[in-house]
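Below: one structure, written as structure tokens.
Just so you know, all these numbers are worked out from the coordinates, no wet-lab data involved. Just so it is clear, the structure is predicted and the values come from calculations on it, not from any experiment. Note that we place each Cβ from the backbone using ideal geometry, even for glycine, and neighbour counts take in every protein chain shown.
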Amino acid sequence: MIMFDKKRLKIAVLVRRFISTGGVERYAVEVTRRLARRHDVHVFAQEWSFQGSPPISFHKIPKRPAKPSWLNQILFSYFTRKAVGNGFDIVHSHEKVVDFDVMTIHSPCFRSYISQEKSPLRKLLIKASVPFSPQKLGWLWLEKKQFTSDRKKIFVAVSEKVKKDVQTNYEIPDDRFRIAYPGVDMGMKKDIDGSADRNHLRSELGLDQDDFVVLFVGTEFKRKGLNALLLAVSMTPIPKMRLLVAGGGGGRMKEFKDLSKRLKLSERVTFLGLVENVEDLYAISDVYVLPTLSDPYGMAPMEAMLCGLPVAISSSEYCGAAEHIKNQEALIIENPQDPKQIADALRKLTDEGLRAEMSRKGHALAEQLTWEKTTAATLSAYAEALRRKNIEEGT
């Protein structure tokens, strides 16, 4: 086993966008920054935004064409293969590429789109359409290459949910996996509860100081379960309940605003769009609810817990972050497609005693989820990849 405290590694990190917004991108930035404190790190990216220490070397990868995404991904795999070469101890990819030593898997398999379809007729139609779809052929080819071409490759899944999804589609044993949950930014919590700042922030959003404020954060409204949440709010006569919706909507902002109007929620729901300082919203809200239909992990629920918000989230079948919930640190929504279950969670969260207990337990849990732990799990994957390399080379 290689001793990382004695050997300085030369590491190539592959990620299309090395920036701090977006789940994959932020994960890559946080882990890479920590790796660079002790190792020689080179980032191969189409774009980046990074300042300060530790020193990181950047290498430009062509961004042509930018769309369609599947073609850009295949070309990113091709260009990084040429650019990286053989001069690195570890090649670590956060993207779907062919050549790497360690890959962090941030999302379910594309193949699951077919394998998890429950309707036999629909599954047959999807399979029949594959040969005529360059997009589907491209994703399936790239995915098969990354998971089956080399048994030395080690995979880092961001949750058990993601690991199980891969193993359902490809026969990869447990010893080639590590789990590295995303961390939480410990500097995010703002101590403004009950202060003049909190009152001011609420007033800016048109909220009364005694409003019961429910917060939803998510870019893709449909996948994050906003439909069912709006229905739940419409059927829950909680006095002075207000719902704040933060996120771009995944191109469906108008659709969800129209749904809110049809449900006669215009005065109870505020669509904020993209919000830069989401910690301000955590600080002024009473509870956080995310009835997501599909989340490999989901960082926002744990950020909310760190900030002291009681949280209701989908079960681990739908949300990887729920894997942490062992001692009632959050309310679990077993079926996020059922508005009645979400409405029941909202009613439970009006209990101040329950909120206080969940706030305490959730905060204690979130404090344990550090990016240092994420980085340590990543280094464990590096060690296993290097061990397998050394065995093959006979060293």
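Rounded to 0.05, the FRET efficiency of the residue 10 and residue 252 pair, given R0 = 56 Å and the Cβ-Cβ distance, is 0.80. When the P(r) of region 266-350 is calculated, the portion above 15 Å amounts to 59% of the C-alpha pairs. Within the same chain, lysines fewer than 8 places from residue 82 are excluded, and of the rest, those with a Cα less than 18 Å from its Cα are 10, 60, 63, 96, 145. For the peptides 299-312, 21-34, 169-182, the ranking by packing is 299-312, 21-34, 169-182, with the highest mean count of neighbouring Cβ atoms within 10 Å listed first. If R0 equals 56 Å, the separation of the Cβ atoms of residue 199 and residue 37 corresponds to a calculated FRET efficiency of about 0.85. Taking the square root of 5 times each eigenvalue of the Cα gyration tensor, what semi-axes in Å does the equivalent ellipsoid of region 63-172 have, largest first? In descending order, the three semi-axes are 26, 18, 11 Å.
Using a ≥ b ≥ c from the Cα gyration tensor of region 171-261 (square roots of the eigenvalues), is it rounded, prolate or oblate, where a/c under 1.5 gives rounded and otherwise the larger of a/b and b/c decides, a/b for prolate? In terms of gyration-tensor shape, oblate.
Within the listed set 216, 256, 147, the residue fluctuating most in the Gaussian network model of the chain (springs between alpha-carbon atoms under 10 angstrom) is 256. Amide H to amide H, with H built 1.01 Å from N, residue 184 comes under 5 Å of 370, 371, counting only residues 5 or more places away or on other chains. Diffusion coefficient of region 196-367 by Stokes-Einstein, Kirkwood radius over Cα pairs, 25 °C, 0.890 mPa s: 156 µm²/s. Residues considered: 119, 266, 234. Largest GNM mean-square fluctuation over the chain, using C-alpha springs under 10 Å, is found at 119. Computed about the Cα centre, the dipole magnitude for region 196-367 is approximately 640 debye when only Lys and Arg (+1) and Asp and Glu (-1) carry charge, each at its Cβ.
Using only side-chain charges placed at the Cβ, +1 for Lys and Arg and -1 for Asp and Glu, the dipole size of region 330-373 relative to its Cα centre rounds to 40 debye.
Every pair of different Cα atoms in region 106-217 enters the Kirkwood calculation, which places the hydrodynamic radius at 18.5 Å.
Kindly state, to the nearest 0.05, the FRET efficiency for residue 263 paired with residue 144, given R0 = 35 Å and r defined as their beta-carbon distance. Write down the numbers at each step before the final one.
Values: r = 44 Å, r/R0 = 1.25.
Computed FRET efficiency for residue 263 and residue 144 comes out at 0.20.
The modelled label-to-label distance between residue 47 and residue 389, using points 7 Å beyond Cα along the C-beta direction, is 3.1 nm. Sorting 281, 125 by the number of Cβ atoms found within 10 Å of their own Cβ, with the fewest placed first, yields 125, 281. One decimal place: the segment residue 354-residue 238 gains 40.1 nm when fully extended, by the rule 0.36 nm per residue minus the C-alpha distance. Convex hull of alpha carbon positions in region 14-132: directionally averaged projected area 8.8 nm².
Residues 357, 384, arranged from fewest to most other Cβ atoms within 10 angstrom of their Cβ, appear as 357, 384. Counted over the chain, the DSSP beta bridges are approximately 0% antiparallel. To the nearest ten degrees, helix 23-35 and the longest principal axis of the Cα atoms of the chain are 60 degrees apart.
Using Cβ point charges alone (K and R +1, D and E -1), the dipole size of the chain about the Cα centre works out to roughly 1640 debye.
Ranking 59, 112, 132 by how far each Cα lies toward the positive end of the dipole of region 36-165 (charges on Cβ) leaves 132 at the top. Taking all Cα-Cα distances within the chain, those exceeding 27 Å account for 54%.
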